[in-house]
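Down below is the structure, laid out as structure tokens.
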């Protein structure tokens, strides 16, 4: 947690604070939050490696207990006694664990211990985060502590710094944090995030996770009522603030944000980094496809290993739509959504995903979209952490960027290309070359060449690169993001026989050998 350095200098002056008890955090008259404290290794005795700071007064209403000793893969040396204190005094309790970027030794040790492949650096980083979660879970299990929520503490760590000077490094940091989230989820724990705006921006590039709860810090305060402002202000990650924290020279204080009463929180849905194609909340990217004969929409749930389960019908009467795309989370509520253009009207409809493979009521988000002959969702193309859309104008070949506003609407459009009618397919794979920015793949009609247009992270392009030949043999191209679990972006392609091929990306703008992953896909007239 964020702490003043002065705290260490006055550890011997805590008896007065003990006498004052909880008077310093009396709730304001106009609200009725619960008040609590967070504690960890600084409250351990000096013999245990702590500072001997006081435990909360017995009047506290809840406690958040630190599981780690400042860094991941370490344990709070008095975790057992602190948890026992919460039980003895009948206090509600959450836990919190530190997230951290691995040392070389930790990457070697833990990079293969998780659900992702260890063949790529991205997979190894995710596995390290997963192992950080497993370490924290093991600490809790050993002492019989099962809090309803475990908060993930994401802050700069001078003793083990997060690399954060480039977008690619911030992407790597997100993979570690995401692995930790999945590790807690797989162990059955709800989770949330603790950080502050500047630290979160430095480490993650202001990663937006609107579906993940937030414990926000207000820093050092003399007047606790100021902490209520964090409950009302936008959070560092876009998630809802449930708890606000502040500190003085002796203690960390916390209050609940109305109407939260420290009850268990639901486990958030998947937060796969920059994914646009995870629909059912199982952390594996999926495929959507429309059946030609019926207009039914099917969900093919990815297994995370380059294959998918059989299709499940999740919609009917999708035949009237002549453009379908998965932009990611377009309205800022967490789950991935679908954009669909209605042929008869040119209306653009937003089908909001519910995070479990179904839909919330659709919303019209545009009209006049029949002037475009290609609509793709590149994810965040402008670097503002909101999902965007690219659309090619039928008559001119101009490529237009429609920046999303993060709430299901648009910012003013911008022309970002011309002569794009030379391409028979435009695909938005996400970050294909591993630089942390969203890219575009485009197939040239005359040659069958496949071109990579690397995004610059600010709504424009870096020089294009040819990444394939003879792609005119494919009748459909789409990208589900990472489909085989190696944390690099892949491409799916259907040939004229209806065979579906997986072209695994190598994480740096090229391919690994292709793999056949399906047959009979000619019965589908939209794969996205």
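The values are calculated or read from the model by the stated rules, or taken from the named source; none is laboratory data. Source: prediction; values computed, not measured. FYI the Cβ positions are ideal-geometry reconstructions off the backbone, even for glycines, and counts take in every protein chain you see.
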Taking region 183-218 only, how many residues are under 16 Å from residue 97 (Cα atoms), touching a helix residue (DSSP H, G or I) at 6+ places or on another chain (Cβ under 6 Å) and surrounded by fewer than 23 Cβ atoms within 10 Å (Cβ to Cβ)?
1
Residues in region 398-436 that are in a strand (DSSP E or B) and either assigned by TED's automatic domain parsing to the domain that holds residue 209 or more than 28 Å from the chain's Cα centre (by Cα) (or both) total 6
Any residue at all in region 300-307 that's in the same structural domain as residue 483 (by TED's automatic domain parsing) and without any contact (Cβ under 8 Å) to a residue 24 or more places away in the chain?
yes
Every residue in region 511-528 that is part of a loop (DSSP other than H, G, I, E, B) and either within 22 Å of residue 298 (Cα to Cα) or within 25 Å of the chain's Cα centre (by Cα) (or both), please.
519, 520, 528
Could you list, in sequence order, the residues of region 307-319 that are surrounded by 20 or more Cβ atoms within 10 Å (Cβ to Cβ) and either part of a strand (DSSP E or B) or under 26 Å from the mean Cα position of the chain (by Cα) (or both)?
308
Being in contact with a strand residue (DSSP E or B) (Cβ under 7 Å, 6 or more places away or on another chain) and under 15 Å from residue 334 (Cα atoms) is the filter here, so list the residues in region 389-408 that pass it.
404, 408
Tell me yes or no: at least one residue of region 478-496 is surrounded by fewer than 16 Cβ atoms within 10 Å (Cβ to Cβ) and assigned to a loop (DSSP other than H, G, I, E, B).
yes
Does region 383-397 hold any residues that are in contact (Cβ under 8 Å) with a residue 60 or more places away in the chain and assigned to a strand (DSSP E or B), and which are they?
388, 389
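For every residue, the table says whether it meets (1) touching a residue at least 60 places away in the same chain (Cβ under 8 Å); (2) within 21 Å of the chain's Cα centre (by Cα); (3) surrounded by fewer than 23 Cβ atoms within 10 Å (Cβ to Cβ).
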site	(1), (2), (3)
140	yes, no, yes
155	yes, yes, yes
160	yes, no, yes
165	no, yes, yes
In region 497-510, what count of residues is obtained for those that are part of a strand (DSSP E or B) and surrounded by fewer than 20 Cβ atoms within 10 Å (Cβ to Cβ)?
1
Scanning for something surrounded by 20 or more Cβ atoms within 10 Å (Cβ to Cβ) and within 19 Å of residue 142 (Cβ to Cβ), does region 46-62 turn up at least one residue?
no
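Based on what the data block shows, is residue 467 more than 29 Å from residue 351 (Cα to Cα), touching a strand residue (DSSP E or B) at 6+ places or on another chain (Cβ under 7 Å) and either in a strand (DSSP E or B) or assigned by TED's automatic domain parsing to the domain that holds residue 353 (or both)?
yes
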Collect the residues in region 287-299 that are without any contact (Cβ under 8 Å) to a residue 60 or more places away in the chain and more than 22 Å from residue 493 (Cβ to Cβ), keeping them in residue-number order.
294, 295, 296
Report yes if residue 447 is at pLDDT 95 or above, part of a loop (DSSP other than H, G, I, E, B) and assigned by TED's automatic domain parsing to the domain that holds residue 401, otherwise no.
yes
Breaking point among (1) closer than 29 Å to residue 261 by Cβ; (2) touching a strand residue (DSSP E or B) at 6+ places or on another chain (Cβ under 7 Å), for residue 89
(2)
So is residue 441 in contact with a helix residue (DSSP H, G or I) (Cβ under 9 Å, 6 or more places away or on another chain) and either surrounded by fewer than 21 Cβ atoms within 10 Å (Cβ to Cβ) or assigned to a strand (DSSP E or B) (or both) or not?
no
Only one of these is modelled with pLDDT under 95 and in the same structural domain as residue 66 (by TED's automatic domain parsing): 162, 116. Name it.
116
Can you name every residue in region 391-416 that is surrounded by 15 or more Cβ atoms within 10 Å (Cβ to Cβ) and touching a helix residue (DSSP H, G or I) at 6+ places or on another chain (Cβ under 9 Å)?
391, 392, 393, 397, 398, 399
Collect the residues in region 244-261 that are closer than 23 Å to residue 41 by Cβ and in a loop (DSSP other than H, G, I, E, B), keeping them in residue-number order.
248, 249, 250, 251
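For region 70-91, what are the residues that are at positive phi and surrounded by 15 or more Cβ atoms within 10 Å (Cβ to Cβ)? Step through it out loud before you land on a result.
At the first step, the residues of region 70-91 found to be at positive phi are 70, 73, 90.
Passing the criteria: 70, 73.
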Of the residues 46, 60, 120, 68, which is touching a strand residue (DSSP E or B) at 6+ places or on another chain (Cβ under 8 Å) and either more than 21 Å from residue 187 (Cβ to Cβ) or free of Cβ contacts under 8 Å to residues at least 24 places away in the same chain (or both)?
60
